[in-house]
Amino acid sequence: LLQAYERRFPTCPLIPMFVASDTVNEYKSEDEAIHVIERRCKLDIDAPRLLKKIAGVDYVYFVQKNSLNRRERTLHIEAYNETFSNRVIINEHCSYTVHPDNEDWTCFEQSASLDIKSFFGFESTVEKIAMKQYTSNIKKGKEIIEYYLKQLEEEGITFVPRWTPPVPCKSESSTSHPRRPVSPAINIPESATKEGLNNKEILNTSSSPSEPTAGTPDDKLDADYIKRYLGDLTPMQESCLIRLRQWLQETHKGKIPKDEHILRFLRARDFNIDKAREILCQSLTWRKQHQVDYILDTWNPPQVLQDYYAGGWHHHDKDGRPLYVLRLGQMDTKGLVRALGEEALLRYVLSINEEGLRRCEENTKVFGRPISSWTCLVDLEGLNMRHLWRPGVKALLRIIEVVEANYPETLGRLLILRAPRVFPVLWTLVSPFIDDNTRKKFLIYAGNDYQGPGGLLDYIDKEIIPDFLGGECMCEVPEGGLVPKSLYRTAEELENEDIKLWTETIYQSASVFKGAPHEVLIQIVDASSVITWDFDVCKGDIVFNIFHSKRAPQPPKKDSLGAHSITSPGGNNVQLIDKVWQLGRDYSMVESPLICKEGESVQGSHVTRWPGFYILQWKFHSMPACATTNLPRVDDVLASLQVSSHKCKVMYYTEVIGSEDFRGSMTSLESSHSGFSQLSAATTSSSQSHSSSMISR
């Protein structure tokens with residue numbers, strides 16, 4: 001391996017930008033066990049000519065230091081930039097070591113960091129160039145090593161003796177050196193290591209070459225995985241995905257959506273991480289509050305929907321996307337709204353979208369390429385003024401708003417067929433609520449234009465065009481029709497039903513203000529009970545506390561700060577600890593305060609030591625001033641500006657479990673209700689706590 005690696009110098013034709021290198025320093029120990037060589041490498045970076053002219057350089061120089069220890073069988077490679085070192089700091093470290101459990105295996109570890117302080121106003125451009133070059137070099141690493149290994153074999157060098165300490169008392173002829181074969185292939189991962197990330201793989205260097213391991217969802221940086229499940233990504237896009245996923249891993253305790261879903265939100269915001277993170281966190285909180293993850297398994301659509309909702313899944317388009325057919329012109333939207341209400345229709349549309357996500361995953365496996373969106377075919381034959389009924393349009397706009405916020409980039413193409421004269425009126429009402437990127441995917445055909453050039457056959461195979469559009473494929477989508485008025489419900493019934501649908505959640509919302517925390521009282525009769533909690537910080541930063549008191553506080557009263565609208569539907573604010581109570585005398589703290597940032601998801605548990613009254617408190621977190629200057633930091637000022645009127649929001653769920661029923665960790669409980677079952681790559685839950693929670697509900 002080392003001999004193959006050394007052939008890259010003084011220059012390597014397989015790396016065009018590597019122009020030349022000079023040895024600056026070299027050291028060898030007397031027994032030749034230690035060999036350190038330092039080189040100055042000349043690189044021709046692929047950068048715009050204007051940028052090179054502004055920087056005043058044609059080439060950049062890096063210093064590379066290789067430290068070989070034959071005794072320990074390790075090779076450490078360090079590299080850093082010499083050019084523009086006062087503006088840009090690049091550090092790279094690679095190491096080859098022997099695996100502790102098998103000396104025929106080599107462990108390869110690589111890390112790199114990039115810190116751009118300033119670069120003539122072209123900081124963003126330099127970052128993109130650096131990421132592009134680094135990614136390209138990493139991907140070629142395996143190819144280059146294999147090339148030189150093959151070259152050694154062609155020269156007849158197939159065995160390299162392992163280093164042994166010199167024995168002066170014996171002649172060279174009497175000393176035997178064990179010989180070991182050199183592997184003809186090294187399985188180096190084709191991955192793009194990003195800033196602050198470590199890439200560690202075990203490389204099999206035994207006599208028989210190992211097949212490269214195919215990418216899996218657990219190997220997020222593997223090139224095969226990206227191509228197989230995510231599609232083409234630029235180095236910057238891949239970097240954004242990794243950074244956002246890392247942030248979710250740090251704040252959501254393992255409940256991480258799959259990469260495909262994170263990518264949808266990044267694409268919806270043109271890979272602006274801050275904007276994508278904001279809408280993704282809001283969506284995850286929404287899914288959790290309304291238990292959207294379980295909708296396909298726990299909710300059965302009413303019979304009215306099954307009979308009169310003229311929509312359904314129908315094979316797939318030419319790109320492999322699942323195809324959803326909606327005969328909107330044949331659907332009695334007014335009758336459905338009168339019979340079911342707005343919320344039931346919304347829930348049904350959500351179930352359709354959840355099924356769409358599931359079908360995208362299935363088609364990705366079937367077609368062997370990433371499929372992250374579906375195609376929707378909307379037939380408007382029969383559309384009339386009845387469809388412009390005001391409550392129906394209101395329900396449609398509400399559905400569009402919710403879908404746009406929580407299922408971005410899931411619509412690959414929308415084919416609107418047989419658009420009648422009344423369609424422009426409906427389009428004028430609806431289009432302002434549709435995202436610009438989504439509108440670009442709309443294809444609208446009037447009359448029978450869909451049958452001509454550029455029509456339906458360009459997107460759907462002839463064999464699966466539905467019969468009602470002149471095709472030969474029987475489509476099992478319901479034909480719709482008028483909903484009988486006998487199924488209509490009164491406004492009061494619909495209102496009560498709507499409330500019931502969206503209050504079927506175990507989570508509660510609360511508002512937290514500066515000077516007005518939200519508190520929950522839990523009475524414990526038996527010591528050694530377990531108090532569990534699961535909450536999301538939806539807005540602002542808070543401090544979470546747990547207190548114990550032997551006496552009961554006064555009956556809960558809602559704070560009267562009218563300026564904060566504390567009794568608004570956005571969440572309640574209840575305060576239990578009397579202002580005259582003193583900490584240490586009237587009540588005590590049983591857990592250390594926990595600072596929770598906006599967007600974080602927190603789960604935990606506390607084993608009670610005494611009976612009595614326990615108070616869970618969510619308190620507004622004030623930004624501390626800088627200790628050295630007594631001035632707030634820039635990040636703190638920006639964060640404080642995001643918290644309007646010093647208001648925070650939390651969504652929480654608490655439960656008390658008897659010690660005999662609790663089988664989880666005594667320090668942390670992963671609530672089964674907080675896992676994103678459909679979107680999470682790995683959701684952890686406790687079956688025992690799940691059953692206990694269901695009983696408590």
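Give me the residue from the stretch 353-377 that is buried (at least 20 other Cβ atoms within 10 Å of the Cβ) and more than 22 Å from I262 (Cβ to Cβ) and, out of that set, nearest to the chain's Cα centre (by Cα).
Only one residue fits best here, namely T375.
Pick out the one residue from L417, L411, L443 that is open to solvent by 20 Å² or more (accessible area, probe 1.4 Å) and either touching a helix residue (DSSP H, G or I) at 6+ places or on another chain (Cβ under 7 Å) or charged (D, E, K, R) (or both).
It is L411.
Among the residues of the stretch 583-618, which ones are more than 25 Å from the chain's Cα centre (by Cα) and assigned to a loop (DSSP other than H, G, I, E, B)?
G584, R585, D586, V590, E591, S592, P593, T608, R609, W610, P611
What pairs come out if I take residues in the stretch 233-245 that are under 17 Å from R264 (Cβ atoms) and open to solvent by 30 Å² or more (accessible area, probe 1.4 Å) and pair them with residues that are of a type in the set (F, W, Y) and at pLDDT 85 or above whose C-beta lies under 7 Å away, six or more apart or interchain?
If the second residue must be of a type in the set (F, W, Y) and at pLDDT 85 or above, the pairs left are Q237/F271.
Among all residue pairs at least 6 apart or on different chains, which show Cβ distances below 7 Å where the first residue, located in the stretch 472-483, is open to solvent by 100 Å² or more (accessible area, probe 1.4 Å) and the second is part of a strand (DSSP E or B) and modelled with pLDDT of 90 or more?
E476/G312
Mind checking which pairs have a first residue in the stretch 258-277 that is touching a residue at least 24 places away in the same chain (Cβ under 8 Å) and under 11 Å from Y407 (Cα atoms) and a second that is open to solvent by 30 Å² or more (accessible area, probe 1.4 Å) and outside any helix (DSSP H, G or I), Cβ under 7 Å, 6 or more apart or different chains?
That search, which allows pairs on different chains as well, returns R264/S372; R264/E409; A268/E409.
Output the residues belonging to the stretch 21-39 that are open to solvent by 40 Å² or more (accessible area, probe 1.4 Å) and among the hydrophobic types (A, V, I, L, M, F, W, C).
Passing the criteria: V24, I34.
The values are calculated or read from the model by the stated rules, or taken from the named source; none is laboratory data. It should be emphasised that the depicted structure is a prediction, and the values quoted were computed from it without experimental measurement. FYI the Cβ positions are ideal-geometry reconstructions off the backbone, even for glycines, and counts take in every protein chain you see. Ligands, DNA and RNA are excluded from the accessible area calculation, which covers all protein heavy atoms including side chains. Shrake-Rupley method; radii C 1.70, N 1.55, O 1.52, S 1.80 Å.
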